[in-house]
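> Dumping the structure here so I can ask a few things about it.
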Amino acid sequence: MPFCERRRTVVSQIKRNQNVIFRNKKIAVEQYFASYPGTENNVAIRGGKQEKVTVGSARLHVCSHGAKRFVIALKYEGEKEYRYLVATDLTWRTLDIVDAYTLRWLIEVFFEDWKISEGWGKLTKHTGEKGSRRGVILSLLTDHCLFFHPDQQAFIENNRAACIVGSLIRRIRNECFLELVKDMLIDDDPNRRLDELTELLTKNEIYQLMPSTKHLAGKDLGRLEPSPSLKHKKAA
């Protein structure tokens, strides 16, 4: 459930067939907004890019909640159907609620970082509840450590948006590679260091070549042809 804790209001989505009470009659929320369509407005998506949306709103009693809610019909540009939101605090403005609702996807940024950049995906080796806990803890510790990188610190100290984990990890990898090259150049025997690195990367197969499942070489695909004994089954 998307939410915003400022003034303890909760913003969530409801189905189009959920009932509301209007003029002492119980009707579907979709039916209500069919009679009271919204107007075009501009909203900031996650505090950034402005997009056109069609928005309608009303303070209605939502039957399944057993309470009065701020009900909003929302349709982004290019969409044909509305989605319906409810907010618990009736003192908020319509567009402020819509702005808060767009923040729900910020959690996807964390998911992306965990899965792609911090090993919380196919690279996770632990299984079960305990393994899941350890993976999350390790990911959060990685996130915390990256806050102390000089570039990240500079962004934070200057009140700018912090850079994403993936880009910061790529920067660190580049820095490590450059340090390795520098160490090799100033070594008394750079050729020996290069040979050691070559052996490490090739003979020990750190980066193994993996077979592609897109190619069918060496696979048994079956007969894939008609059977003579079943010719009598052929359609006329």
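The values are calculated or read from the model by the stated rules, or taken from the named source; none is laboratory data. All values derive from a computational prediction rather than experimental measurement. When we count neighbours, we look across all protein chains shown, and the Cβ atoms used for this are built from the backbone with ideal geometry, even at glycine.
> Can you confirm whether the stretch 206-219 contains a residue that is more than 27 Å from F111 (Cα to Cα) and not in a loop (DSSP other than H, G, I, E, B)?
For the stretch 206-219, residues more than 27 Å from F111 (Cα to Cα) and not in a loop (DSSP other than H, G, I, E, B): absent.
> Sticking with this one: Is it the case, given these coordinates, that S227 is exposed (fewer than 10 other Cβ atoms within 10 Å of the Cβ), modelled with pLDDT of 80 or more and of a type in the set (G, A, S)?
yes
> Looking at A162, A154, can you tell me which residue is under 30 Å from F111 (Cα atoms) and either in contact (Cβ under 8 Å) with a residue 24 or more places away in the chain or assigned to a helix (DSSP H, G or I) (or both)?
Residue meeting the stated conditions: A154.
> Under the condition of being touching a residue at least 40 places away in the same chain (Cβ under 8 Å) and among the charged types (D, E, K, R), which residue from the stretch 28-58 is surrounded by the fewest Cβ atoms within 10 Å (Cβ to Cβ)?
Checking each candidate, the answer is R46.
> Pairs under 9 Å by beta carbon, first residue at pLDDT 85 or above in the stretch 4-21, partner assigned to a loop (DSSP other than H, G, I, E, B) and of a type in the set (S, T, Y), six or more apart or different chains?
Listed by first residue and then by second, the contacts come to V10/T88; V11/T88; S12/T88; I14/S64; R16/Y82; Q18/S64; N19/S64.
> Take the stretch 10-27 and flag every residue that is under 29 Å from the mean Cα position of the chain (by Cα), of a type outside the set (D, E, K, R) and either surrounded by 11 or more Cβ atoms within 10 Å (Cβ to Cβ) or not assigned by TED's automatic domain parsing to the domain that holds E81 (or both).
Those that are under 29 Å from the mean Cα position of the chain (by Cα), of a type outside the set (D, E, K, R) and either surrounded by 11 or more Cβ atoms within 10 Å (Cβ to Cβ) or not assigned by TED's automatic domain parsing to the domain that holds E81 (or both): V10, V11, S12, Q13, I14, Q18.
> For L168, state whether it is more than 24 Å from the chain's Cα centre (by Cα) and among the hydrophobic types (A, V, I, L, M, F, W, C).
So L168 does not fit the description; no.
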